[in-house]
1. Filter region 25-58 for residues that are among the acidic types (Asp, Glu) and assigned to a helix (DSSP H, G or I) and give the result.
2. Would you point out the residue of region 86-115, among those that are touching a residue at least 60 places away in the same chain (Cβ under 8 Å) and touching a strand residue (DSSP E or B) at 6+ places or on another chain (Cβ under 6 Å), that is farthest from residue 147 (Cα to Cα)?
3. Does residue 157 satisfy being farther than 17 Å from residue 27 by Cα, of a type outside the set (Asp, Glu), buried (at least 22 other Cβ atoms within 10 Å of the Cβ) and in contact (Cβ under 8 Å) with a residue 60 or more places away in the chain?
4. Would it be correct to say that residue 57 is over 20 Å from residue 22 (Cα atoms) and loosely packed, with under 13 Cβ neighbours inside 10 Å?
5. Within the set of pairs 6 or more residues apart or between chains, which connect a residue that is touching a residue at least 12 places away in the same chain (Cβ under 8 Å) and surrounded by 11 or more Cβ atoms within 10 Å (Cβ to Cβ) inside region 35-49 to a residue that is in a helix (DSSP H, G or I) and not aromatic (Phe, Trp, Tyr) with Cβ atoms less than 8 Å apart?
6. Looking at region 27-86, which of its residues are touching a Lys or Arg at 6+ places or on another chain (Cβ under 8 Å), more than 21 Å from residue 122 (Cα to Cα) and of a type in the set (A, V, I, L, M)?
7. Give the residue that is farthest from residue 94 (Cα to Cα), with candidates limited to residues of region 33-68 that are in contact with a strand residue (DSSP E or B) (Cβ under 7 Å, 6 or more places away or on another chain) and of a type in the set (Lys, Arg).
8. What is the one condition in (1) surrounded by 15 or more Cβ atoms within 10 Å (Cβ to Cβ); (2) under 25 Å from residue 21 (Cβ atoms); (3) not basic (Lys, Arg) that residue 95 does not satisfy?
Amino acid sequence: MAPVLERRPSAVPKGSEIDHEVVEMAEPQHPKCCQIFDYWRARRRSDGLLSRCDFNPLDMPRLMGGMFVVEPVDGGLDMRYRLVGAANERRLGMTFTGRLFSECYIAHMASIQIALHNRVMEARMPAVLRGRFLGVDLEYARFEAIYLPALAETGLQVIGGLYDLARPD
């Protein structure tokens, strides 16, 4: 079994932040995560990075609602969502696009997510998480997420997707 990154089945956090419970997986299993992974793998360069200009979400229109793009802020001390698909913002009841992780998540989750994104960029290796979210007025939502290193004109980024396990199509 994969190591637990964070397990905190606590009460709903106060405020509008989201909490979680996750494990890291060796490979994606959700069909949409597999599709993004295959797309990334086919286009990545020899240094393990996908050039951001070679990633076109329009190539995968059925996946766009779950896609995200993240960039480091303050040398990786925080992360900013440059883009989050509308389906995820709707499902989680919150606007993520343009916001910092420290604004979106309770402190321990923000810290873990920042470290994960930094690891993906530094190691130039993908990561896959499975788990569930808990937030205000949000029942436990089971998900799988894939995180892939990319290089934009502005520097390293993470692109990926987050999809509901109850909706594999």
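The values are calculated or read from the model by the stated rules, or taken from the named source; none is laboratory data. Everything quoted here is computed from the prediction, not taken from an experiment. Note that we place each Cβ from the backbone using ideal geometry, even for glycine, and neighbour counts take in every protein chain shown.
1. Just the residues of region 25-58 that are among the acidic types (Asp, Glu), to begin with: 27, 38, 47, 54.
Of everything in region 25-58, those that are among the acidic types (Asp, Glu) and assigned to a helix (DSSP H, G or I) turn out to be 38, 54.
2. Only one residue fits best here, namely 106.
3. Working: farther than 17 Å from residue 27 by Cα: yes; of a type outside the set (Asp, Glu): yes; buried (at least 22 other Cβ atoms within 10 Å of the Cβ): yes; in contact (Cβ under 8 Å) with a residue 60 or more places away in the chain: yes.
Yes, satisfied.
4. Working: over 20 Å from residue 22 (Cα atoms): yes; loosely packed, with under 13 Cβ neighbours inside 10 Å: no.
For residue 57, the condition - over 20 Å from residue 22 (Cα atoms) and loosely packed, with under 13 Cβ neighbours inside 10 Å - is not met.
5. Going by the 8 Å Cβ cut-off, the qualifying pairs are 35/63; 36/63; 39/59; 43/54.
6. 63
7. Start the filter on region 33-68 by keeping residues that are in contact with a strand residue (DSSP E or B) (Cβ under 7 Å, 6 or more places away or on another chain), which leaves 33, 36-37, 40, 43-45, 48-52, 55, 57, 63, 66-68.
Next, from what is left, pick out any that are of a type in the set (Lys, Arg): 43-45, 52.
Values: 43: 32, 44: 32, 45: 34, 52: 26 Å.
If we take residues in region 33-68 being in contact with a strand residue (DSSP E or B) (Cβ under 7 Å, 6 or more places away or on another chain) and of a type in the set (Lys, Arg), then 45 is farthest from residue 94 (Cα to Cα).
8. Against the list (1) surrounded by 15 or more Cβ atoms within 10 Å (Cβ to Cβ); (2) under 25 Å from residue 21 (Cβ atoms); (3) not basic (Lys, Arg), residue 95 comes up short only on (1).
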